[in-house]
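**Q** Structure incoming, see below.
What follows is calculated from the coordinates using simple rules that are stated; it is not laboratory data. Quick caveat: nothing in here was measured; it's all calculated off a predicted structure. Here Cβ is always computed from backbone atoms with ideal geometry, including for glycine, and neighbour counts include all displayed protein chains.
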Amino acid sequence: MHRSATLDELDLALINALQVAPRAPWSRLSGPLGVDPATLSRRWARLRDSGTAWVTCYYGPRQVSYGAFALVEVSCAPGLREQVAARLSADPHALSVEVTTGGRDLLLTVAARDLTAMGEYVLHRLGDLPGITATRTHLAQRIHREASRWRLDSLDQEQRRDLERYGDLRPDPGTISDEENRLILALAADGRGSYAQLAEAVGRPESTVRRLLSGLLVSGRVVLRGEAAHLMAGWQVTATLWLAVPPVDLDEVAECVAGMRETRLSCAVAGEANLLAQVWTHELSDLARFESQLAARYPGVRVLDRTVTLKWVKRLGRLLDSRGRSVAYVPMDLTAPVRGTARGRTAPRPHRWTWPSSGRRTTSATTLSGS
């Protein structure tokens, strides 16, 4: 197990537990972690308020149709990379923004309602934004693994088994209603918000919120995801690999990559590189070992390109500081117009989230431009 120099064992165990059971009550987590509920509640409040860890919510893989999810490489004019990254970070459709090595300046994770909306975003938002000189889009055909399934390695097998629930997922790709979408946006800001807080945020009774949330989670139409400041948790390297896989082997290789410890995303894409993998490792040398293991098992797989993230500007709606901590949140509303920010209208302002019932004012982040 890799030890973190900035988070203690209980911090890491608590974050790991909330990756497994994101909305579990403290009383349920108390047994597996061996700590009383009040201590866990206080510990989580400290982690959350400092931006060191958080729980968010987003559409499940079954809600993503062909072309509605993509990784987009962006090249910028000299000296404008930071400015472009800041502007794109304010976009609801740019879920993540990374500053990277290699043949691109930025790597975006983009989601939209459908292929038409994706085209609008790439052609008009990115195409019209000053400072961008080129883009290259990798459209997802199938997501074999997404990052809600990735785990820290701080719990033993017995602890994980105590937290897991079986037989309560009944996949249903049904359409998400406007009412449900409002609830998803509230949960994205804080996936552990109480039912009372969620009810106040969406203007619906608690009983309705409970019913809606249960239906969304059981059907797999939304995913709750526990996150942490990766550098503080000991995960120093984020890398993206573009792989060329013989088509007959694509599903098998994609599932193999999905099952590897370091993999956060395994996604079949349309292009010469037909499989894209995002991995986290503790050291840069671990990336070479990851590639060696894959090559030993599948000699026909070629790595066409690789990139290492120099800086996370935004990850799944969260604006991050230099240590990977969440400092503000941009609502991931995929129903928002994709051309608005390119036509002079203002994108959703990044903000520090506080629940309406908390009595505190929401503080807007003023360091980023939404235009």
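**Q** Average the reciprocal distances over every distinct pair of alpha-carbons in the range 1-124, invert the result, and give the Kirkwood radius in Å.
**A** Value: 17.6 Å, from the Cα pair sum.
**Q** When the Karplus curve 6.51 cos²θ - 1.76 cosθ + 1.60 is applied with θ = phi - 60°, which whole-Hz ³J(HN,Hα) does each residue of the range 202-219 get, with x for Gly and Pro?
**A** 9, x, 10, x, 4, 4, 5, 4, 4, 5, 4, 5, 4, x, 5, 6, 5, 7
**Q** Using the Kirkwood radius over C-alpha pairs as Rh, can you work out the diffusion coefficient of the range 286-331 via Stokes-Einstein at 20 °C, viscosity 1.002 mPa s, in µm² per second?
**A** The Stokes-Einstein estimate is 162 µm²/s.
**Q** Given the options CYS256, VAL338, LEU304, identify the residue whose Cα lies farthest towards the positive end of the charge dipole of the chain (+1 on Cβ of Lys, Arg; -1 on Cβ of Asp, Glu).
**A** Positive-most Cα among the choices belongs to VAL338.
**Q** Cα-based Rg (one decimal) and Dmax (whole number) for the range 196-298, in Å?
**A** According to the Cα coordinates of the range 196-298, Rg and Dmax are 19.1, 56 Å.
**Q** First measure r as the distance between the Cβ atoms of THR6 and THR335, then evaluate 1/(1 + (r/R0)^6) with R0 = 35 Å and state the FRET efficiency to the nearest 0.05.
**A** Step by step, r from the Cβ atoms, then E = 0.40.
**Q** Okay, next question. Would you mind giving the three semi-axes, in whole Å and largest first, of the ellipsoid equivalent to the chain according to its Cα gyration tensor?
**A** Over the Cα atoms of the chain, the ellipsoid semi-axes are 30, 26, 21 Å.
**Q** Take ASP251 and SER75, extend 7 Å from each Cα along the Cα→Cβ direction, and tell me the distance between the two endpoints in nm.
**A** So the label points at ASP251 and SER75 sit 3.7 nm apart.
**Q** Here is a follow-up. Tell me, in nm to one decimal, what length is gained between ALA296 and VAL327 on full extension, where the rule is 0.36 nm per residue of separation less the Cα-Cα distance?
**A** Values: separation 31, 0.36 × 31 = 11.16 nm, distance 4.12 nm.
That works out to 7.0 nm of additional length.
**Q** What length, rounded to one decimal in nm, is gained on full extension from SER50 through to TYR195, with 0.36 nm per residue of separation minus their alpha-carbon distance?
**A** Full-extension gain reported as 49.9 nm.
**Q** Pop the C-beta distance of GLN83 and ALA288 into the FRET formula with R0 = 25 Å and round what comes out to the nearest 0.05.
**A** 0.15
**Q** On to the next question. For every helix of n ≥ 4 consecutive DSSP H residues, a contribution of -39,500 (n - 2.57) applies; sum these over the chain, divide by its total residues, and give [θ] at 222 nm rounded to the nearest 500 deg cm²/dmol.
**A** So the helix-based figure for the chain works out to -9000 deg cm²/dmol.
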